[in-house]
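The values are calculated or read from the model by the stated rules, or taken from the named source; none is laboratory data. The structure presented is a predicted model; accordingly, all values stated were derived computationally and were not measured. Backbone-built Cβ (ideal geometry, glycine too); neighbour counts: all protein chains shown.
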Amino acid sequence: MEKKRQIEIWFFIGGLLGIYGILILGTGIAHWIHPPVKQLALSHLHSDVWWGILLTAIGIVYCIKYWPFKEAPQAKSKR
Amino acid sequence: MKSLRHVWALILVLFAGIVPLGAEATVPAAAGGAASRLLTMSPIDLVIIVLYFLVVLGIGFYLKKYTSTGEDFFMAGRKMTAWIAGLSFISANLSSLETMGWSAMAYQYGMLGAHAYLIGAIPAILFLAVVMMPFYYICKTHSVPGYLKLRFGEASRSLAGISFSIMTVLVCGVNMFAMAKVMQMMLGWNFDLCIWVSSITVAVYVALGGLLSAVFNEVLQFFLIWLGTLLIPILGLIEAGGWSKMMASINAQHPGQNFTSLWANLGSAASNPMGMHWTGMVFGLGLAVSFGYWCTDFLQVQRVMAAKSLRSAQNGTIIGSVFKMLVPLIVTIPGLLGLAVLTQKAGITLVPESVAQTTGGHSYNEVLPLMMSRYLGPGLLGLGITAMIAGFMSGMAGNVSAFATVWTYDVYKPLLNKTASDAHYVSMGRWSSIIGVIIAILTAYTAKFFSNILVYLQVLVMFFIIPLFGVVILGMLWKRASPAGGFWGFLSGILSSIGMFVYVHLFPGRFDPAQLNPEHVKHIALSPLARDMAVNMYSALWSLLICMSVTVLVSLFTKPKPDAELKDLVYGLTRLPEEGHCPWYQKPVLWAGVVMVVLIAVNVLFW
């Protein structure tokens, strides 16, 4: 019995990191505009904004590269 | 879909019980009364954590349909690429027990803590890749105890299978205990519910997807652990003013003690905070503990045995070694930053767990959470906590999946039910995953007897894994090693490990596992000044030597297996399979050499 093609792990990783990146980036921007009362060490560096951008970028790259709904290479070559 | 909705509802109900409601809630006393929680989560942090649980469970449900045979469930179909096998291999080891424990070690012992990722790991991982992996891979065994069966017979396999099963559930229990304790300490979460939520999640996704699900989640966890914790050393070093200023600050706070060298302070037990001579580091950690753990702990080896080819298994192992060498960035440096930043800028000095419990202060084990609380705001904190949860759960899942395999193939099948169908063994694997988690929950509380959570882990590893390495390596490299030699060598190694553990904690009229008796310690670790780590390293070395000596002696007086039965199991009687043309840049030996050169350079640089 032939098994269905599996979604690659990299796609799951990309999806989760992308969502995390957007959430963290959004929170970072909100805190940049309206700084919270309690400030953390080095909060002026806005690490959440930069880290959010990094996560979003990694997520997008992985999602695009390992998008599971593309045509399988075998199907392409058969055609 | 219906089952997914149930899971979602279950998660919400459980989190409602775990998490104190309201981001601005007042700080409650943690259970036990002494300490307050370190962090207050915001709703965005909670969303990040819940998303993680959903994805992990979703992967488990998704992969169930791909795990219908024993080969799928226990060996992930043997179709993993080198990268997936390698990241899973290293992630299974990168539990939060490990990251928190070794950060605590770095705070206590300085740079010496980094040895666990250098001489304490890399040579052994490369040895596994180049020398041992061909034997494991070619004989197509399902487990390390399975190799013992082929090489030495049923008695050795049963001893290894039973002892490994016990060890994995105990270590899994330690992970649960540590996770619940950390979450309680950091966030005021309910201790018992933490244990149940994490363990149910692990049980569900391992029971559904077996090793395939565990491997998928471990690769995911690898990314989360790195991306959730890497910001701490980056921001910490910025705050400390860079590497050299951090080291200068540490030296200024600890005059006369060398916290900043890898080797320069190992000339005698009195010259370093660990109380260890260099021989303990090289032969105890670098040989006995490291080779035992990396080459024969099935939890680790199982990941790379699931690779699609021998070359992928070898290269995956080497990829793992590269990331292992990088782990000090997220483990050792936060510990060192704790020494430099927490004490100097925040006025916090960490103390041993036993002192923290009586005085209400912060213990060494809290260094990583304290650094998180210093730098990570809403969102990032959720990611950091998720990284920690992911780390704990990868440790648990690694143990549970290895337990399910060893229990099913090395205990249940040979001893209880030899003739069942493949589907029956898969079913047994699923059920044993769940039962393993339940047993682990019951053992979780034993961790409280020990001053440092990592010491407990090392004690367990020392009891079973190090003698196992002694037997396996002799079996692979010496065809004269006999079945009787293997069995008695293994048993004597286990008994001597337990004997030494009891001896160093034995006082006149009492046994105290939380304290060392210097009068006894000096006989094991060559100095009465030796502390837990040093004692464990030397104990490991002696148990390895005892195990190997007994194996050799008994083998010389007993009948070995004939050569025909040792084909593909022993050096000299094993022919490597032809894997076709391999370009030079894919050759495992080349990359193993490169990693070894980098290892030497790092040791010289931080001498």
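Tabulated data
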quantity: Selected residue (criterion: surrounded by the fewest Cβ atoms within 10 Å (Cβ to Cβ)) from residues of the range B:411-446 that are polar (S, T, N, Q) and in a loop (DSSP other than H, G, I, E, B); calculated: B:T419
quantity: Any hit, the range B:457-466, residues being touching a Cys at 6+ places or on another chain (Cβ under 8 Å) and either under 22 Å from B:C547 (Cα atoms) or at pLDDT below 85 (or both); calculated: yes
quantity: Subset tally (residues that are part of a helix (DSSP H, G or I) and farther than 19 Å from A:G15 by Cβ) for the range B:67-87; calculated: 12
quantity: Leading residue by the ranking (nearest to B:Q586 (Cα to Cα)) among those in the range B:307-335 that are outside any helix (DSSP H, G or I) and of a type in the set (V, I, T); calculated: B:I330
quantity: Residue within the range A:60-79 that is modelled with pLDDT of 85 or more, closer than 25 Å to B:L39 by Cβ and more than 7 Å from every other protein chain (Cβ to nearest Cβ) present; calculated: no
quantity: Residue under evaluation B:W189, criteria (1) modelled with pLDDT under 85; (2) in a helix (DSSP H, G or I), criterion not met; calculated: (2)
quantity: Helices (runs of 4 or more DSSP H) wholly inside the range B:341-406 containing at least 3 residues that are crowded, with 22+ Cβ neighbours inside 10 Å; calculated: B:367-375, B:380-406
quantity: For B:S527: the one exception among (1) more than 21 Å from the chain's Cα centre (by Cα); (2) in a helix (DSSP H, G or I); calculated: (2)
quantity: Answer from B:L63, B:L54 - the residue that is without any contact (Cβ under 8 Å) to a residue 60 or more places away in the chain and in a helix (DSSP H, G or I); calculated: B:L54
quantity: Options B:W294, B:W243, B:W226; residue that is within 12 Å of chain A (Cβ to nearest Cβ) and either surrounded by fewer than 18 Cβ atoms within 10 Å (Cβ to Cβ) or within 30 Å of B:S433 (Cβ to Cβ) (or both); calculated: B:W226
quantity: Which listed residue is of a type outside the set (S, T, Y), more than 9 Å from chain B (Cβ to nearest Cβ) and either touching a residue at least 24 places away in the same chain (Cβ under 8 Å) or touching a strand residue (DSSP E or B) at 6+ places or on another chain (Cβ under 7 Å) (or both), from A:G15, A:G28, A:G21; calculated: A:G21
quantity: Scope the range B:50-71; condition facing another protein chain (nearest Cβ under 9 Å) and not hydroxyl-bearing (S, T, Y); matching residues; calculated: B:L51, B:V55, B:G58, B:I59, B:L63, B:K65
quantity: Meets criteria (modelled with pLDDT of 85 or more, under 30 Å from B:P273 (Cβ atoms) and touching an Asp or Glu at 6+ places or on another chain (Cβ under 9 Å)) for B:A104; calculated: yes
quantity: Filtered residues of the range B:474-486 (kept if under 26 Å from the mean Cα position of the chain (by Cα) and surrounded by 24 or more Cβ atoms within 10 Å (Cβ to Cβ)); calculated: B:G475, B:G486
quantity: Hey, B:T201 more than 23 Å from B:I439 (Cβ to Cβ), more than 11 Å from every other protein chain (Cβ to nearest Cβ), buried (at least 24 other Cβ atoms within 10 Å of the Cβ) and hydroxyl-bearing (S, T, Y) or not; calculated: no
quantity: Test: residue in the range A:31-49 that is farther than 24 Å from B:F222 by Cβ, loosely packed, with under 11 Cβ neighbours inside 10 Å and either within 8 Å of chain B (Cβ to nearest Cβ) or at pLDDT 95 or above (or both); calculated: no
quantity: Condition met for B:G236 (crowded, with 22+ Cβ neighbours inside 10 Å and over 19 Å from B:I435 (Cα atoms)); calculated: yes
quantity: Top-ranked residue in the range B:106-117 [being farther than 16 Å from B:T229 by Cβ and out of contact with any Pro (no Cβ under 8 Å at 6 or more places or on another chain); ranked as surrounded by the fewest Cβ atoms within 10 Å (Cβ to Cβ)]; calculated: B:M111
quantity: Residue within the range B:509-523 that is within 27 Å of B:L474 (Cα to Cα) and crowded, with 17+ Cβ neighbours inside 10 Å present; calculated: no
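Here's the yes/no breakdown for (1) polar (S, T, N, Q); (2) closer than 18 Å to B:V570 by Cβ; (3) buried (at least 24 other Cβ atoms within 10 Å of the Cβ); (4) more than 20 Å from the chain's Cα centre (by Cα):
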residue	(1), (2), (3), (4)
B:I90	no, no, yes, no
B:M100	no, no, yes, no
B:L128	no, yes, yes, no
B:Y136	no, yes, yes, yes
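For (1) away from every other protein chain (no Cβ under 12 Å); (2) in contact with a Ser or Thr (Cβ under 7 Å, 6 or more places away or on another chain); (3) at negative phi; (4) polar (S, T, N, Q), each residue gets a yes or a no:
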| site | (1), (2), (3), (4) |
| --- | --- |
| B:L231 | no, yes, yes, no |
| B:L237 | no, no, yes, no |
| B:M247 | yes, yes, yes, no |
| B:S268 | yes, no, yes, yes |
| B:L287 | yes, no, yes, no |
